[in-house]
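Remarks on the structure that follows.
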Amino acid sequence: MTDWATACTPARVREVARRTPPLRGEVRRDDSAIEALARVVAPALAGGWWAPQIAEAFALPKPGRAGAFRMLVRLCFEDRVAQRVLLNHLQRTGPPAPPLTCAYVPGRGASAVTSWLHGAMAGGAFAGALDVVDFFPSVDRCALARRVGRCGLDPAARTVLTRCIEQRARGPTGLIETGLLQGALLSPWLSNLYLRPLDLALDPRRCRRYCDNLFVTGDGPGSVQRTLDHATAVLARLGLTVRRRPEWPADPWAGIEALGCHVDARGITPGRARRAAFLRRVQDRLRQDRLDGAMTLVRGYLAYHRPMMPRGDTFVNTLEEVDDLLRRGRVDEALSRLQTMLDEPDEPDEPPRPPEFVGDPERHVRLHGARRQVIPRGLTPADRAAHATGVVALGVLPVDRQGRARLGVLDVDAPTPDDRDAAAEHTMQLAARLRNHGAPVVIEDTGGRGFHIWIPYDRPRDRAEIADELLALDRELPAPRDVRVEVFPGDADGDPHVRLPGGPHPRTGRVSRLVEASESTTGPHARRVLGRCSRLEAIARKAQTTGHLNHDERYSLAAILGHLGAEGERAVHEIISHCDNYDHETTQSFLDRRAPKPLGCRRLAERHPELPACDHCPPPRAPWGYPTPLTWARTPEATPEPRPTAPREDTLARLLAGVARSLARVRRNTP
């Protein structure tokens, strides 16, 4: 443990004071003032008799909640320096950061949470969220002081920290007698310490926490509900109440509001309140004739948010227009354009949803295991939402009561869910042949043993005509061995039904998803690696949905898939080609400079802690000797070489020669 007296020497205090910026209205300290402050604060901290001064408190309205506000404090310069010295000591010697903690922990900030949440939802996971109601005012100070006493701190440091917990603040509403001061430097560390039982009670692979906001993912609404109930019970034992917002989205494509951003299948976009605040800041700088400052704001905003926002976003395009106007000095037009953006309505854009699969408009099917129940009415939005969340399992009838087909479906199944490569390859061939004939094709990964190829028609057609076309295609492209293809509609005497896309599979629990046409060029070995490694699959899905990958994500793709030879290189180019700044030569340079061995599972997790973890890593196999996602490819290069059962003759000869030399050396040294 680092000695507390060493952590608060005058030299350390001087260093912290020089790095502490003054707040608005404060006078910047010169070297003599900092030296005088260090001579006073250092011995007070080392002896444990330093006490914080009364903090200035002010009310800040909460966005989106009329009449609600939070109380923040403003510390004086001396208190900020003293608390920074104590915080540096706590971060080195205090309890380690819990696995779910994201507040003021390097690499676990708001952007890391939104990136993790987006990757999970883009991969088809269900999500839920809750936050603590008035967390800082509700903290039990006695319980927090007991937790501080169990941290094993130096007595002087523990005394100073306890005084910070008991500090009173005077504001517009009088003395604040309960809770924890919000805005002090030690508040994040203390809040993490208080919520440590919650962090230790939940699975870090399924949960992320930012301050008092908890985000949960799961394979279905049931698992999300159970995790949220468990978290609510733990928080109740801490004396805290929660607000769920919402328990889970209406469907996996809807997204949720988190940390001021809207996270959905398109990517991460800034919330409208944050956009409006940013536009007002730009307006204020322009009205103050600070053209350079306004241009810096606009360009910085574009540089940070443009890679995370969907292609062709209206807000980004408008900001680029404002940037062009400012570059040409047309300030009045830029102000007018900014005001037009502020006057736009606040209704959020409708997130993209899967295409409609309309079967019989007068009937649909409710599935109960192997049984089905025909409901004599069409599907409603509430039915589709319930199906997407797994509350019920619904199906459509491709043929209506007049014998007209409104849908054509090809069901391609493998023998087991683990042997789907041949089924995937045959599905892509059938879809390519249908597209060549001009048919609108949608491919669905059912989450079970195979795929569905949906062919929706603009107008109803004769059932026999559709069945003949699909059966002729099936005979023209025969399925591989052990792959079964079923045609809907097929038998004219039956009344077939097909399960509606979306929602978890009833047997495997995997959420079905729509496969994009670009995936058809990915070879079977690369698809197997992407399907078994959730981190690589999340990276590939991020490239398709957001059009952006950072350096580490591109490197990880090249360092693993690149070892599959030509097939792996094609897969890497195909995935990164979805990015706006894709360049073939740059991507090839990643592949050419890859290490001689593939990236392992442990290093992949260290590079991308925000991405969803795999259920289990592959076993270590020769010639690498460590777990790596490339093992799932089962390529000849990945097959371990059989070990020799007996030493080879040249090995025995070398051993005998070495023994002879050793015996001769012993004889020479023996008197």
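Expressed in nm to one decimal, what extension gain is obtained for the pair Arg281 and Arg328 from 0.36 nm per residue of sequence separation less their Cα-Cα distance?
14.9 nm
Check Gly450: other-chain or 5+ apart residues with amide H under 5 Å from its amide H, H built from backbone geometry?
Long-range HN contacts for Gly450: Ala414.
In nm, to one decimal, how far is the modelled label at Arg163 from the one at Glu15, with both set 7 Å along Cα→Cβ?
So the label points at Arg163 and Glu15 sit 2.4 nm apart.
Suppose the chain between Ser577 and Val133 were pulled fully straight at 0.36 nm per residue; how much longer would it get relative to their current alpha carbon spacing? Write out the running numbers ahead of the final one.
Numbers: separation 444, 0.36 × 444 = 159.84 nm, distance 4.43 nm.
Contour length minus Cα-Cα distance gives 155.4 nm.
Mind listing which GluC sites (Glu not before Pro) in the range 358-451 are in a DSSP loop and have 15 or fewer other Cβ atoms within 10 Å?
Details: sites: Glu362, Glu425, Glu444; in loops: Glu362.
Of the GluC sites (Glu not before Pro), the ones in loops of the range 358-451 whose Cβ has at most 15 other Cβ atoms within 10 Å are Glu362.
Leaving out ligands and nucleic acids, note down the accessible area per residue over the range 377-481 with a 1.4 angstrom probe, in whole Å².
For the range 377-481, the per-residue accessible area is 44 Å².
Treat each spin label as a single point 7 Å out from the Cα along the C-beta direction, and report the Asp3 to Glu486 distance in nm.
Calculated label separation equals 7.7 nm.
Would you please name the trypsin sites (Lys or Arg not before Pro) within the range 539-620 that are DSSP coil residues with at most 15 other C-beta atoms within 10 Å of their C-beta?
On the way: sites: Arg541, Lys542, Arg554, Arg570, Arg593, Arg594, Arg602, Arg603, Arg607; in loops: Arg593, Arg594.
Here the trypsin sites (Lys or Arg not before Pro) that fit, given the DSSP loop and packing criteria, are Arg593.
Taking θ as phi - 60°, what are the ³J(HN,Hα) couplings along the range 128-144 by the Karplus curve (6.51, -1.76, 1.60), each to the nearest whole Hz, with x for Gly and Pro?
3J(HN,Hα) across the range 128-144, in whole Hz: x, 8, 8, 9, 7, 7, 6, 5, 4, x, 9, 5, 7, 5, 5, 5, 5.
Once the other residues with Cβ under 15 Å from the Cβ of Cys8 are scored (Lys, Arg +1; Asp, Glu -1), what is the net sum?
+3
At a Förster radius of 51 Å, what calculated FRET efficiency corresponds to the Cβ-Cβ distance of Arg570 and Ala233, to the nearest 0.05?
0.55
Tell me which residues come under 5 Å, amide H to amide H, from Gly502 once H is placed; ignore anything under 5 positions away on its chain.
Under 5 Å from the amide H of Gly502 lie the amide H atoms of Ser512, each far enough along the sequence or on another chain.
Can you tell me the FRET efficiency between Glu465 and Leu514 if r is taken as the Cβ-Cβ distance and R0 is 30 Å, rounded to the nearest 0.05?
With R0 = 30 Å, the Cβ-Cβ based efficiency is 0.70.
Any idea how far apart Val659 and Arg475 come out in nm if each label point goes 7 Å out from Cα toward Cβ?
Roughly 7.5 nm, to one decimal.
Return the FRET efficiency for the residue pair Leu23, Ser589: r is the Cβ-Cβ distance, R0 is 45 Å, and the value is rounded to the nearest 0.05. Could you put the intermediate results ahead of the total?
Details: r = 47 Å, r/R0 = 1.04.
Plugging the Cβ-Cβ distance into 1/(1 + (r/R0)^6) gives 0.45.
Under 5 Å between amide H atoms, partner at least 5 residues away or on a different chain: which partners does Ile375 have, H built in plane at 1.01 Å?
His364, Val365, Arg366
Full-extension gain between Ala439 and Val358, please, as 0.36 nm times their residue separation minus the C-alpha to C-alpha distance.
27.5 nm
The values are calculated or read from the model by the stated rules, or taken from the named source; none is laboratory data. All values reported here derive from a predicted model rather than from experimental measurement. FYI the Cβ positions are ideal-geometry reconstructions off the backbone, even for glycines, and counts take in every protein chain you see. For the accessible areas, the whole protein counts, side chains as well, though only heavy atoms, and no ligand, DNA or RNA atoms are used. Shrake-Rupley method; radii C 1.70, N 1.55, O 1.52, S 1.80 Å.
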